[in-house]
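Visitor: Encoded as structure tokens, here's the structure I'll be asking about.
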């Protein structure tokens, strides 16, 4: 059974963790950890797919988890995720466990000649 849950979204800044705004990790409730650990297989690192169930954009993003200390029913995300998924504070966000393959190629392009 995969982890598949809906939570109310709030920014990490609203709980006094502005340092988490620049990362790609979310804060989830302790019950999420409980469900993940008791599940049949936990893939490490724990990765999640996020999407806005109320948006027709079809956008998704992926992230890891920073801590399991959020109040039950809530998840705290960096603001950039909110903007990417067209979320507003208090909206529902769909969180689903996800395994991603390792990258095999990357191409970097400079923005300037410097």
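Visitor: Per DSSP H run of n ≥ 4, the term is -39500 (n - 2.57); total these for the chain, divide by its residue number, and report the mean residue ellipticity at 222 nm rounded to 500 deg cm²/dmol.
Guide: -3500 deg cm²/dmol
Visitor: For residue 108 paired with residue 4, estimate the spin-label separation in nm (one decimal), with each label point 7 Å from Cα along the Cα-to-Cβ line.
Guide: Each label point lies 7 Å from its Cα, and together they span 3.9 nm.
Visitor: Taking the chain on its own, what percent of its Cα-Cα pair distances exceed 26 Å?
Guide: That tail contains 22 percent of the Cα-Cα pairs.
Visitor: With springs connecting C-alpha atoms under 10 Å apart, model the chain as a Gaussian network and identify which of 76, 68, 48 has the largest mean-square fluctuation.
Guide: For the chain, modelled as a Gaussian network with Cα springs under 10 Å, the answer is 68.
None of the figures in this text is laboratory data; all of them are computed from the coordinates on show. Source: prediction; values computed, not measured. All Cβ positions, glycine included, derive from the backbone under ideal geometry; neighbour counts span all protein chains shown.
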